[in-house]
Amino acid sequence: MRDLVREVVAEHAAHELPLVDSLRVWDDDRVVRTLAGGGRKREPLGFGYAEVSALITPVVWLVLDQAARRTVDRATEGLLTRGRAGVRRLLRRAPGTANRTLIALDAGELALVRTQIVEQATERGVDRREAEALADSVVARIATAAAAGEDRPATPGTAS
């Protein structure tokens, strides 16, 4: 997921790459809290992460994080229907990961990702055509990666 965010930002807003690279050293939970504004502290030196609201990095990262969480929830629900004992065994063996990954998304989920990116980007002041181009780029990368069998989107439990 992190690589996908970086690729899209490099294509659409290369000036934001220092922000993306500085965020990549943190785990996904901290990045999401920071980009969503949770736990904001006053920054005494002028520019801080609080000023990212007009940037595309938070839009892409937050929407993809939501998609990754939904796919993990969907996979977990599927496992639960197959048997609780098997899920407990799997969860005991599953390695912890600080970074979320995307599982292959179906057409409906890709459409939802596109819609959310367009909506959030326009709410943050991005021109509608630019927001649509950004959303199309994200969806195309996800679909292309899934078709090529690349690590992104990946299976649960692997880092991206």
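The values are calculated or read from the model by the stated rules, or taken from the named source; none is laboratory data. Just so you know, these numbers come straight off a predicted model, no measurement behind them. Here the Cβ is made from the backbone with ideal geometry for all residues, glycine too, and neighbour counts use every protein chain on show.
For region 106-139, what are the residues that are part of a loop (DSSP other than H, G, I, E, B) and either under 13 Å from the mean Cα position of the chain (by Cα) or under 24 Å from L23 (Cα atoms) (or both)? Within region 106-139, R124, G125, V126 qualify.
Outside any loop (DSSP other than H, G, I, E, B) and either buried (at least 20 other Cβ atoms within 10 Å of the Cβ) or modelled with pLDDT of 90 or more (or both), is that true of L79?
Numbers: outside any loop (DSSP other than H, G, I, E, B): yes; either buried (at least 20 other Cβ atoms within 10 Å of the Cβ) or modelled with pLDDT of 90 or more (or both): no.
No, not satisfied.
Listed residues V5, V9, V20; which is modelled with pLDDT of 90 or more, part of a helix (DSSP H, G or I) and touching a Phe, Trp or Tyr at 6+ places or on another chain (Cβ under 6 Å)?
Numbers: V9 fails: touching a Phe, Trp or Tyr at 6+ places or on another chain (Cβ under 6 Å); V20 fails: touching a Phe, Trp or Tyr at 6+ places or on another chain (Cβ under 6 Å).
It is V5.
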